[in-house]
Every structure is written in C-alpha cells, then in structure tokens.
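Reviewing the structure listed below.
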Amino acid sequence: MRVISGTAKGRSLKAVPGTSTRPTTDKVKEAIFSMIGPYFEGGQVLDLFAGTGGLGIEALSRGMDKAVFIDIEKKSIDTIQHNLQTAGLKDQAEIYRTDATRALKALAKREQQFELVFLDPPYKMKLIAELISAMEEQAIVVPNATIVVEHDAKDILPEVIGNFNQQRRADYGDTAVTIYLRSVEG
C-alpha cells in the first residue's frame, strides 16, 4: 500500500496488524479517485472506519485541507498515526478512537461539516443507509457532499438515501464501490 498521487506520492503505508481490517487495495483506491475527481481544492474529509487511514491520507495528499479519522480499534489508531507521520500529513489530521455512531454525534456537536466522506465499515455490518441518514440529519455533510462507500459486491445499496443519490457503482472482485452525491436542497 502506498500514497498514489499528490504531495505524499509514493510514500508507503503500513497495514493494520492482524486480519481484522481489509485495506483498500491500490487498484481500488486509484479507481475511487478517478471517479470522484483526482484532485481537490481544499475542504474537509471524514474517514469513518478508517483502518489504515489510506483513503483519508490519499485525499489529503490530493489537496483536501483537513481529515478526521475514526476507528474503534486501537491497532488501527496506532497505524493511522504512523501512516500520517510517514506521509508528512499529521498536522492536517484529527484521529478519534470511538464507534461510528458516537463519532457522528460528537462531530455534529462540534458543528464540523465535510465535503467528502469515506465509509468503509466491516462487510458484515449492514449500517450504510443508517449512517448516511445520520450524517444528513446531524448536518455534518455540506449541501453537495460526496460519500464513497466501500462494501461487499453482493450487497445492493439503495438508489436514494435521504437527499443522497447513487451516482455510480463499480465492482472489483469481492469489493464494490458506490458513490453517493447529495443533491443541494432548495
């Protein structure tokens, strides 16, 4: 695993020890960023179920201003800290060890909002629609936010979740990536 493009291009990222996480492969990561736009002009990214932090780090490397990384596993938190240090992006990141639902409530309380969200829960957790709805209800996503969901290719996600519309889905073996865009309310 490595940072594919941007300011930290080529830096190696460490995997989380053990088998509890599935890091996003470089092939899938490259595909994700070609789908959502290769580079960014600022903004905030939320990496929920961050694992290695690879997706959020890639977004920072490609121009996002700040990233918030959430994971409940201590091994993941330690790995994210190491990878941010290696990539030279530690100053642009906040890392929290908590569960996703609690994290969303805390972010809402702090009135944080995100342009981009990576949602990559363990495949056995079937909470994607609930988490996207909670993000919208708690106002932690901007009006035209993008949510990138990595999930089991066998799972068919809803076309519409609240004001989020499915824009694209691509399968890579056992993994699928579904992109949701929030339609501007008005």
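Descriptive notes on the structure:
- Accessible surface area normalised per residue over region 1-51 is 50 Å², counting heavy atoms of protein chains with a 1.4 Å rolling probe.
- Close amide H pairs (under 5 Å, H built 1.01 Å from N) link Ile140 with no residue at least 5 positions away or on another chain.
- Lys/Arg +1, Asp/Glu -1 at C-beta; region 1-142 dipole; positive extreme among Phe40, Leu127, Thr19: Thr19
- Here Ile156 and Arg97 are evaluated by their C-beta separation; at R0 = 30 Å the FRET efficiency comes out at 0.40.
- Remark: spin-label model distance Lys14-Met125 equals 2.3 nm, labels positioned 7 Å along the Cα→Cβ axis.
- The order of Met35, Met135, Met1 by accessible area, most exposed first and with a 1.4 Å probe, is Met1, Met35, Met135.
- Share of carbon and sulfur in the accessible heavy-atom surface of the chain [1.4 Å probe, %]: 50
- Label-point separation in nm, Met35 to His82, each point 7 Å along Cα→Cβ: 2.9
- Protein-only accessible surface order, largest first, of Arg62, Arg102 at 1.4 Å: Arg102, Arg62
- Karplus-based coupling profile of region 154-167, in residue order and whole Hz: 6, 7, 9, 8, x, 5, 10, 10, x, 9, 9, 10, 5, 9, with θ = phi - 60° in 6.51 cos²θ - 1.76 cosθ + 1.60 and x standing for Gly or Pro.
- Proximity of backbone amide H atoms, modeled 1.01 Å from N, is registered between Thr52 and no other residue at under 5 Å, excluding neighbours fewer than 5 places apart on the same chain.
- Accessible solvent surface per residue of region 85-186, calculated while the other protein chains remain in place, 1.4 angstrom probe, Å²: 53
- Accessible area of Tyr172 in the full protein assembly, 1.4 Å probe (Å², nearest 10): 50
- The candidates Lys124, Lys90, Lys9, arranged from most to least accessible area with a 1.4 Å probe in the full protein assembly, appear as Lys124, Lys9, Lys90.
- Computed on region 1-51, with alpha-carbon pairs under 8 angstrom and 6+ residues apart, the relative contact order is 31 percent.
- When both region 7-38 and region 155-182 are represented by their alpha-carbon centers, they are found 19 Å apart.
- Computed with a 1.4 Å probe over protein heavy atoms only, the accessible area of Thr101 comes to about 70 Å².
- With the whole protein complex present, Glu30 retains an accessible surface near 90 Å², based on a 1.4 Å probe.
- Inter-site label distance for Arg169 and Val142 at 7 Å from Cα along Cβ, in nm: 2.8
The values are calculated or read from the model by the stated rules, or taken from the named source; none is laboratory data. As the structure is a computational prediction, the values presented were derived from the model and not from experiment. Cβ atoms come from the backbone with ideal geometry, glycine included; neighbour counts cover every protein chain shown. Areas reflect the complete protein model, heavy atoms only, side chains present, ligands, DNA and RNA absent. Shrake-Rupley method; radii C 1.70, N 1.55, O 1.52, S 1.80 Å.
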